[in-house]
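Step one of this worksheet: look at the structure below.
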Amino acid sequence: MKEKDRFNLAGGAGWFIAALLGTIMMFTSGCSSFGSSKIVPDRSEYSEAIRTSSSQQLLMNIVRLRLGGTPELLDLTQIVSQYQIRTTGEAGGSITSGPNTYPFSIGAYIQETPTVTYSPVTGTEFATRMLAPIDDYQIFLLSRSGWDLQRLMSAVVQNINGLENLPTSVGLSAKSVPSTLEKFAEATWLMEMLETEGALEIYLQQAPPPPTPAAGGSKPSGPAANQKLHYVLAFTTQENNEELTGKISSLKTLLGLDPDVDVFPILMHPAKGLAGREIVIEMRSMLSIMLYLTGGIVLTEDLAEYYPEVFKQLKDRKEDGSWLHPVNFFRIHCSKTKPDSAYVKCRIEGSWYWIEKHDRTTKTTFTLIQYLSRLQEARTNSDNEGILLTIPTG
């Protein structure tokens, strides 16, 4: 080999080595900050995916109930995502220097390997989340957080001081409209109006100590004896405001309350000897709430058999209680074709069900049910892990 060729060879090889090393350094120099750079986009994408999946599961369970199916719960409990950068440099390709050819190749790639863990909700946890009545603190906590009392009462409360809300039925069988429905509607409307105007407030209060028993008498027992805090409903009368005074008087009359008392304990079960001095509320379970909301599904004619009689009776009513029909504040659309504008959608038995993206009223109610579902989830035993189903998606 001539001296000139040796020089060209050295120059070509040097160029190749410099290019290879430069590429490797370019990728490896950013490794220390690569993980942090992925937090912002990945957290946003995973958060949106979890929200969409959770919303679809709730929507599907409501539709399943309307179609006579069984709701299923599958919790997403963990996401672990790992990232890896790999660089390669080897003989491949070619560089020509004069009469000589030098093969090489340079490569680099990023690998992400997420693992998603699901936990089926079964047994006691399922019963608690779906069948246990909503706790009073849940509805009043949401009320104190800004949710309108009328929507809460309509969706969550089945009975208040003997005034009955719309009935629910697992089989969606025909039921008559309660005779007290219009009074229930009027009572919840008055509660909302009075709360908005500052004349009604629901808050926690220290319960008075139990009375001292007479000589030889037994000490009080049960939940009432141990309860230290309870919710109360308090009216605030305002002088020279006949309109508010009239609304308070009307609400007390509807609920059978003592007109001379302004603070009433809220109980989940009636107490003896307190007639007219307490408010007794019967809460629905999550299953009952979801069954109630099935009345908001606008079914096509071929699915009309799934429309329960109780909702047929209310569909065209104009009386005061007609607004309690869930379709007035919760509307799910149904079609054989995929919707173009949907906030959340699912497909069941060949039909699409969805909530319109611009239907703020329905979206608000749907969000409320999601909050209630999470509050019910918090009541379950955290030690009950159940069976884990782990799916590596990488």
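The values are calculated or read from the model by the stated rules, or taken from the named source; none is laboratory data. Note that the structure is predicted; figures quoted are calculated from it, not measured. Ideal geometry is used to build each Cβ from the backbone, glycine not excepted, and the neighbour counts take in all protein chains shown.
What to note about this one:
- Long-range neighbours under 6 Å by Cβ, at least six apart or interchain, first residue over 18 Å from Leu152 (Cβ atoms) within the range 175-192, second part of a helix (DSSP H, G or I) and charged (D, E, K, R): Glu182/Asp320
This table checks each residue for (1) within 35 Å of the chain's Cα centre (by Cα); (2) assigned to a helix (DSSP H, G or I); (3) not hydrophobic (A, V, I, L, M, F, W, C); (4) not assigned by TED's automatic domain parsing to the domain that holds Leu368.
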| site | (1), (2), (3), (4) |
| --- | --- |
| Lys247 | yes, yes, yes, no |
| Val261 | no, no, no, no |
| Phe264 | yes, no, no, no |
| Ile289 | yes, yes, no, no |
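- Residue match in the range 298-307 (condition: surrounded by 17 or more Cβ atoms within 10 Å (Cβ to Cβ) and at pLDDT below 65): yes
- Entry remark, the range 308-319: residues being farther than 20 Å from Leu163 by Cα and either basic (Lys, Arg) or at pLDDT 90 or above (or both) number 2 in total.
- Any hit, the range 285-297, residues being out of contact with any helix residue (DSSP H, G or I) (no Cβ under 9 Å at 6 or more places or on another chain), surrounded by fewer than 19 Cβ atoms within 10 Å (Cβ to Cβ) and either at pLDDT 90 or above or on the phi > 0 side of the Ramachandran plot (or both): no
- Going through (1) at pLDDT below 90; (2) surrounded by fewer than 20 Cβ atoms within 10 Å (Cβ to Cβ); (3) under 20 Å from Ser250 (Cα atoms); (4) touching a strand residue (DSSP E or B) at 6+ places or on another chain (Cβ under 9 Å) one by one, Met193 falls short only on (1).
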